[in-house]
Amino acid sequence: MGFVESYGAVTGADAPLATQEWPARQVPVAGVDLLVRDVPDAAAELAPALYVHGLGGSSLNWTALGLLLNDTVRGIAPDLPGFGRTPLSGPTGISEQADVLVKLLESEYDQPAHVFGNSMGGASAVALAAQRPDLVASLTLVSPALPHPRVSASALWFAALATPRLGPVVLERAQRLPFDRRFQASLAMVFGDPRALPPEVRANYEAELHRRDTDPWNMQATTDAAKSILRSSLAPPRRSLWADAASVKCPVLLVYGGRDRLVDARIRTKAQRTFPDARLLYLPKSGHVAQMEHPEQVAAAFRDLIA
């Protein structure tokens, strides 16, 4: 989740990709000022792109991948309401995020964009592409939070967070744990091999977790998002995200990690079968955020997708 404005990392072309600065600005969208970051050094004539983070994430999740692709697309990455540096302005579920993304794309671009989404952001990107196919040139979905028939530990965790009264209690108790314990647990949950992370990525992820603890809206945004994910898993077939996926006509790149502890990578077969025009990138050693752990492979697969 590296971004130098908060952490004092070295800037410039010689700095590690995960610590190179993206300029940030405020964009009024749907009644809230979104913090939006622009990928630097991308030519104006390149095709537009949009990078969408997941639950608990932020625009910082896309730093390395966006810089790798700044010769191919000119991208923006928002902090969605309730996450990163954008305050909570109302319910923050999959459909609400899709509505925000529609308005952001309409305000920023005059042509379809290549949309990247991770986890819950992947689910919101699918809803966006189904509702407004005219705004989406392609989808790159990294461990998208599509409904899964198997009950997992993460599914039980989301169910607990989504339960009225129980969710805040679970979060409050987790918040009282020593920070280092929570940090190590977060690393183990999100990354395939935390020991292999570059030191600057690890340090910036830790700093972002520290900063997130100070957000007054953090608990509400997390429980609202968890409720939305749970509702999507219980939706009837005709109204489910799988129905949205089957209606997506643009090219789709599906990226799954073999060590993902939040999204079971075995769902990749169903996903590739459901999207009408889909390619698959399976990374056995990656976790939930392949765009952070293996950005070079994701970038190469995206270039192949749009070639």
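Evaluation of residue 218 against the conditions (1) at pLDDT 95 or above; (2) under 18 Å from residue 80 (Cβ atoms); (3) open to solvent by 20 Å² or more (accessible area, probe 1.4 Å) shows that the sole unmet condition is (1). The residues of segment 28-57 that are part of a strand (DSSP E or B) and either over 29 Å from residue 190 (Cα atoms) or open to solvent by 30 Å² or more (accessible area, probe 1.4 Å) (or both), listed by number, are 28, 29, 33, 38, 47. Every test in (1) out of contact with any Leu (no Cβ under 7 Å at 6 or more places or on another chain); (2) within 19 Å of residue 205 (Cα to Cα) is passed by residue 82 save one, and that test is (1). Once segment 234-249 is narrowed to residues that are of a type outside the set (A, V, I, L, M) and under 13 Å from residue 127 (Cα atoms), the residue that is least open to solvent (accessible area, probe 1.4 Å) is 240. The residue list 140, 92, 86, 63 contains one member that is touching a Phe, Trp or Tyr at 6+ places or on another chain (Cβ under 6 Å), among the hydroxyl-bearing types (Ser, Thr, Tyr) and surrounded by 24 or more Cβ atoms within 10 Å (Cβ to Cβ), which is 140. In segment 177-206, the residues that are open to solvent by less than 30 Å² (accessible area, probe 1.4 Å) reach residues that are hydroxyl-bearing (Ser, Thr, Tyr) and part of a helix (DSSP H, G or I) with C-beta atoms within less than 7 angstrom, at least six apart or across chains, in these pairs: 204/7; 204/19. The criterion of at least 3 residues that are among the β-branched types (Val, Ile, Thr) is met by the following helices (runs of 4 or more DSSP H) wholly inside segment 200-279: 218-234. Please determine whether any residue of segment 277-286 is among the aromatic types (Phe, Trp, Tyr) and touching a Gly at 6+ places or on another chain (Cβ under 9 Å). Scanning segment 277-286 turns up at least one residue that is among the aromatic types (Phe, Trp, Tyr) and touching a Gly at 6+ places or on another chain (Cβ under 9 Å). Scanning segment 94-144 for residues that are in a loop (DSSP other than H, G, I, E, B) and either more than 18 Å from the chain's Cα centre (by Cα) or modelled with pLDDT under 95 (or both) yields 109, 110, 111, 112, 132. Whether a residue is acidic (Asp, Glu), open to solvent by 40 Å² or more (accessible area, probe 1.4 Å) and either within 29 Å of residue 134 (Cα to Cα) or within 17 Å of the chain's Cα centre (by Cα) (or both) was assessed, and residue 277 passes this test.
The values are calculated or read from the model by the stated rules, or taken from the named source; none is laboratory data. Values in this document were obtained by computation on a predicted structure and should not be read as measured data. Methodologically, a virtual Cβ is constructed for each residue, glycine included, from the backbone with ideal geometry; neighbour enumeration extends over all protein chains shown. All accessible areas refer to the heavy atoms of the entire protein, side chains included, with ligands and DNA or RNA removed. Shrake-Rupley method; radii C 1.70, N 1.55, O 1.52, S 1.80 Å.
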